[in-house]
Amino acid sequence: GPSGLGKTHLMYAIANRALQRKPDMRVIYVKGEEFMNQLIEAIQRSQNISFRQKFRQKYRNADMLLIDDIQFIEGKEATQLEFFHTFEALYEDNKQIIITSDRPPKELTSLEERITSRFEAGLLADIQPPDYELRLAILRNKSGQSKIDIPIDVIDFPAKNLQENIRQLEGVVK
């Protein structure tokens, strides 16, 4: 789904719940850009083979891997290759892999087809902007958290007019 709809919050909630259920679970959350930067650092230190092995071991030994904004690795061949092998290793070990993107796998055209086809084999959730009722509930909740009493007719205006994302609604209350 597009930016500002709570994909990252949803990932944190999943990770937190998994750790509540099984505290010894190895859960790794990483942004696509951070995954790439860590890989670059491992490649730069490739004279020291153990550094690259540590990188692979870190990700391939996870019980749950969450990668936020996977679209960031589009067009980055070395990162895609490493991600593909990490994905395969985790998949073969029946580990959990959760990925977010700002668009569906079919539209990640600069990502290798073998990667997007694996994404399509999983459960896809299309996160859409909230409807009016949900926007109104979000505004009421946020105003309550901020201990601000906002009249219903005032809350109603942004609920009707700000339809793109939740961050806009949070900004109105702030």
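Values for this structure:
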| quantity | calculated |
| --- | --- |
| Complete set of residues in segment 60-75 that are part of a helix (DSSP H, G or I), in contact with a strand residue (DSSP E or B) (Cβ under 9 Å, 6 or more places away or on another chain) and open to solvent by 10 Å² or more (accessible area, probe 1.4 Å) | F72 |
| Residue pairs meeting the criteria (Cβ under 9 Å; at least 6 apart or on separate chains; first within 18 Å of R167 (Cα to Cα), in segment 142-154; second surrounded by fewer than 12 Cβ atoms within 10 Å (Cβ to Cβ)) | K142/I148; K142/K174; S143/D149; S146/K174 |
| Which numbered condition D126 fails, given (1) of a type outside the set (V, I, T); (2) surrounded by 11 or more Cβ atoms within 10 Å (Cβ to Cβ); (3) within 17 Å of the chain's Cα centre (by Cα); (4) assigned to a loop (DSSP other than H, G, I, E, B) | (2) |
| Pairs where the first residue, in segment 76-91, is closer than 16 Å to Q44 by Cβ and open to solvent by 20 Å² or more (accessible area, probe 1.4 Å) and the second is part of a helix (DSSP H, G or I) and not polar (S, T, N, Q), C-beta under 8 Å, 6+ apart | K76/M36; A78/L39; A78/I43 |
| Scan of segment 160-174 for residues that are within 26 Å of the chain's Cα centre (by Cα) and either open to solvent by 70 Å² or more (accessible area, probe 1.4 Å) or touching a residue at least 24 places away in the same chain (Cβ under 8 Å) (or both), ordered by number | L162, Q163, E164, N165, I166, R167, Q168, L169, E170, V172, V173, K174 |
| Conditions (1) surrounded by 13 or more Cβ atoms within 10 Å (Cβ to Cβ); (2) closer than 30 Å to F83 by Cα; (3) in contact (Cβ under 8 Å) with a residue 60 or more places away in the chain; (4) of a type outside the set (A, V, I, L, M); number of the one not met by T116 | (3) |
| Count of residues meeting criterion [in a helix (DSSP H, G or I) and farther than 25 Å from H85 by Cα] in segment 1-18 | 5 |
| Scan of segment 76-99 for residues that are out of contact with any Leu (no Cβ under 8 Å at 6 or more places or on another chain) and in a loop (DSSP other than H, G, I, E, B), ordered by number | K76, D93, N94 |
| Residue match in segment 49-59 (condition: touching a Ser or Thr at 6+ places or on another chain (Cβ under 7 Å) and outside any helix (DSSP H, G or I)) | no |
| Residue within segment 23-43 that is assigned to a loop (DSSP other than H, G, I, E, B), open to solvent by 30 Å² or more (accessible area, probe 1.4 Å) and modelled with pLDDT under 95 present | no |
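The values are calculated or read from the model by the stated rules, or taken from the named source; none is laboratory data. Values in this document were obtained by computation on a predicted structure and should not be read as measured data. Using ideal geometry, Cβ is built from the backbone for each residue, glycine included, and neighbour counts are taken over all protein chains shown. The accessibility values were calculated without ligands, DNA or RNA, using every heavy atom of the protein model including side chains. Shrake-Rupley method; radii C 1.70, N 1.55, O 1.52, S 1.80 Å.
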